[in-house]
1. Which pairs do you get when a residue that is among the β-branched types (Val, Ile, Thr), found in region 1-29, comes within reach of a residue that is modelled with pLDDT under 85, reach meaning Cβ atoms under 6 angstrom, with the pair 6+ apart or on two chains?
2. Being assigned to a loop (DSSP other than H, G, I, E, B) and among the hydrophobic types (A, V, I, L, M, F, W, C) is the filter here; which residues of region 56-79 pass it?
3. Assuming LEU48 fulfils every condition listed in (1) closer than 19 Å to VAL96 by Cβ; (2) modelled with pLDDT of 90 or more apart from one, which condition is it?
4. Please count how many residues of region 107-120 are exposed (fewer than 12 other Cβ atoms within 10 Å of the Cβ), assigned to a helix (DSSP H, G or I) and of a type in the set (Val, Ile, Thr).
5. Taking only pairs six or more apart or across chains, which ones have beta-carbon atoms under 7 Å, a first residue in region 40-60 that is hydroxyl-bearing (Ser, Thr, Tyr), and a second residue that is surrounded by 14 or more Cβ atoms within 10 Å (Cβ to Cβ) and part of a helix (DSSP H, G or I)?
6. Looking at this structure, is THR90 within 14 Å of the chain's Cα centre (by Cα), assigned to a helix (DSSP H, G or I) and among the polar types (S, T, N, Q)?
7. Looking only at region 22-39, decide whether some residue is loosely packed, with under 14 Cβ neighbours inside 10 Å and more than 22 Å from LEU107 (Cα to Cα).
Amino acid sequence: MKDWILPLIVGAATGVLSGFGVGGGTLLLVYMTAFAGVEQRLAQGINLLYFLPAGLMALPAHVKNGYIEKPVLLPAIGAGLACAALAAWTATAVDVSLLKKCFGGFLIAVGLMELFGKTKD
């Protein structure tokens, strides 16, 4: 198999999942670090670049379906940009092993919240 086919398939699959709001970027990050041997910081940077076109492609459908709360849009964008910049700066200063542990803890916490969290009926 060619070296580029599996990453292409994984990228396409996570792109589809991102469009559905499943968290394809997180899955892409797990693939890159656990299976493709990409260093954590580089994988996070690739993931950020990956998110831009994936998010832009999904945005029209979310607007059409009324999933965008326009009054909170600008504050959310501002807070997101500020926190992304702070987190990116922090990630460059933190040891990679600690970064991996934090990311693993984050995945476990999100997984537990999904398994045991209350659902809206």
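1. THR14/GLY24
2. Hit for region 56-79 is ILE68, nothing else.
3. Result: LEU48 passes all but (2).
4. Residues flagged as exposed (fewer than 12 other Cβ atoms within 10 Å of the Cβ), assigned to a helix (DSSP H, G or I) and of a type in the set (Val, Ile, Thr) within region 107-120 amount to 1.
5. Close Cβ pairs satisfying both conditions: TYR50/GLY25; TYR50/LEU28.
6. For THR90, the condition - within 14 Å of the chain's Cα centre (by Cα), assigned to a helix (DSSP H, G or I) and among the polar types (S, T, N, Q) - is not met.
7. no
Each row is one residue, and each column tells you yes or no for (1) free of Cβ contacts under 8 Å to residues at least 12 places away in the same chain; (2) touching a Lys or Arg at 6+ places or on another chain (Cβ under 7 Å); (3) loosely packed, with under 10 Cβ neighbours inside 10 Å.
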site	(1), (2), (3)
GLU69	yes, no, yes
PRO75	yes, no, yes
LEU81	yes, no, no
SER97	yes, no, yes
LYS100	no, no, no
GLY105	yes, no, no
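The values are calculated or read from the model by the stated rules, or taken from the named source; none is laboratory data. Computed from a predicted structure; not experimentally measured. We place every Cβ from the backbone using ideal geometry, glycine too, and count neighbours over all the protein chains shown.
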